[in-house]
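The values are calculated or read from the model by the stated rules, or taken from the named source; none is laboratory data. Keep in mind it's a predicted model, so treat the numbers as computed, not measured. Here the Cβ positions follow ideal geometry from the backbone for every residue, glycine too, while neighbour counts run over all protein chains shown. Accessible surface is based on the protein model in full, side chains and every heavy atom, while ligands, DNA and RNA are left aside. Shrake-Rupley method; radii C 1.70, N 1.55, O 1.52, S 1.80 Å.
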Amino acid sequence: MAFSNKKIIAGNWKMNGLKQDSWQLTNDLLNKFESPDDNFGFQMIICPPATLLSEITSMVEGSPIATGAQNCSDRLNGAYTGEISPIMVKDVGAKFVILGHSERRAYYGETNEIVALKAQSALDQGLTPIICIGETLEQKEVGSALAVIEDQFMNSVPVNATVDNIIIAYEPVWAIGTGKVATLQDIIDIHSKIREVAEKKLGSKNITILYGGSVKPTNAKEVFSTDEVNGVLVGGASLNADDFWNIAMASI
Ligand code: 13P
């Protein structure tokens, strides 16, 4: 398994955070770690908006917290107004990049093919892509969740991926920001499907899979109660230091 056996506690701040409150949130999290050498049983990652990525990455340098971007271009540099290259993400010291989040797929037209190109480009720069997949409510209701997951995995994961250089985030679209967390059985079924598809495409089931969708301190223990879950990708609750920390604590 990539990233040792530590659970990954990743926070996706989405389009939230101005300088002042983001410094505060980051400092509050840093203060939760008693010493930078403490060997916690989890790896914490925070993904602030692009405007703050450089600054927050500098703030957490030398601490147990790593950072990631929420998106990047498939291009390395040049005339692509408004885009952020994986070289730039790497340059500021971030190690991860969330790609193919359902909000980007739904609102910005990102297809599996675009996600795969971005992920390949991120991998080429030594970043670890966190590739998001997940079915919509309609797809779940007509019974096509497993087929959607397989299609998204097969086509969003780039050719040079291995089970050790990417992370998959399973985020059912109907569970994001809705307060409806998937049932433990849903999580187990989909994560084991993802492992089956990983074996087919990448030759091993041993891939790191995060669950995302309304993870809160109140349900985190249950989410972590299955070995299928290697970590979580948290939206709303990652904007509150106590909540995010309590989710991390529920993993150990
Ligand atoms: P919520 O935790 O707010 O449901 O968001 C999940 C998510 O989209 C993380 O990427």
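Close Cβ contacts (under 7 Å, 6 or more residues apart or on different chains) running from residues in region 159-184 that are farther than 11 Å from L123 by Cα and of a type in the set (K, R) to residues that are within 15 Å of the ligand (Cβ to nearest atom) and in a loop (DSSP other than H, G, I, E, B) comprise K180/S214. In region 152-167, is there at least one residue being away from the ligand (no atom under 16 Å from the Cβ), more than 18 Å from I8 (Cα to Cα), open to solvent by 50 Å² or more (accessible area, probe 1.4 Å) and not polar (S, T, N, Q)? Yes: region 152-167 contains one or more residues that are away from the ligand (no atom under 16 Å from the Cβ), more than 18 Å from I8 (Cα to Cα), open to solvent by 50 Å² or more (accessible area, probe 1.4 Å) and not polar (S, T, N, Q).
For region 28-48, filtered to residues that are open to solvent by 20 Å² or more (accessible area, probe 1.4 Å) and assigned to a loop (DSSP other than H, G, I, E, B), the residue that is modelled with the highest pLDDT is G41.
Of everything in region 195-230 that is within 16 Å of the ligand (Cβ to nearest atom) and under 22 Å from V157 (Cβ atoms), the residue that is surrounded by the most Cβ atoms within 10 Å (Cβ to Cβ) is Y211. Within region 149-159, being of a type in the set (V, I, T) and within 17 Å of I114 (Cβ to Cβ) holds for V157, V159.
Which one is farthest from the ligand (Cβ to nearest atom) among residues in region 231-252 that are open to solvent by 30 Å² or more (accessible area, probe 1.4 Å) and outside any loop (DSSP other than H, G, I, E, B)? Don't jump to the end; show me each part of the working.
Restricting attention to region 231-252, the residues satisfying the condition of being open to solvent by 30 Å² or more (accessible area, probe 1.4 Å) are 236, 239-240, 242-243, 246, 249, 252.
Checking which are outside any loop (DSSP other than H, G, I, E, B) leaves us with 236, 239, 242-243, 246, 249.
Values: G236: 3, L239: 9, D242: 15, D243: 10, N246: 14, M249: 17 Å.
Per the criteria, the residue is M249.
Restricting region 171-183 to residues that are open to solvent by less than 50 Å² (accessible area, probe 1.4 Å) and not β-branched (V, I, T), the residue that is modelled with the lowest pLDDT is A182. Among the numbered conditions (1) open to solvent by less than 70 Å² (accessible area, probe 1.4 Å); (2) out of contact with any Pro (no Cβ under 6 Å at 6 or more places or on another chain), the only one that I56 does not meet is (2).
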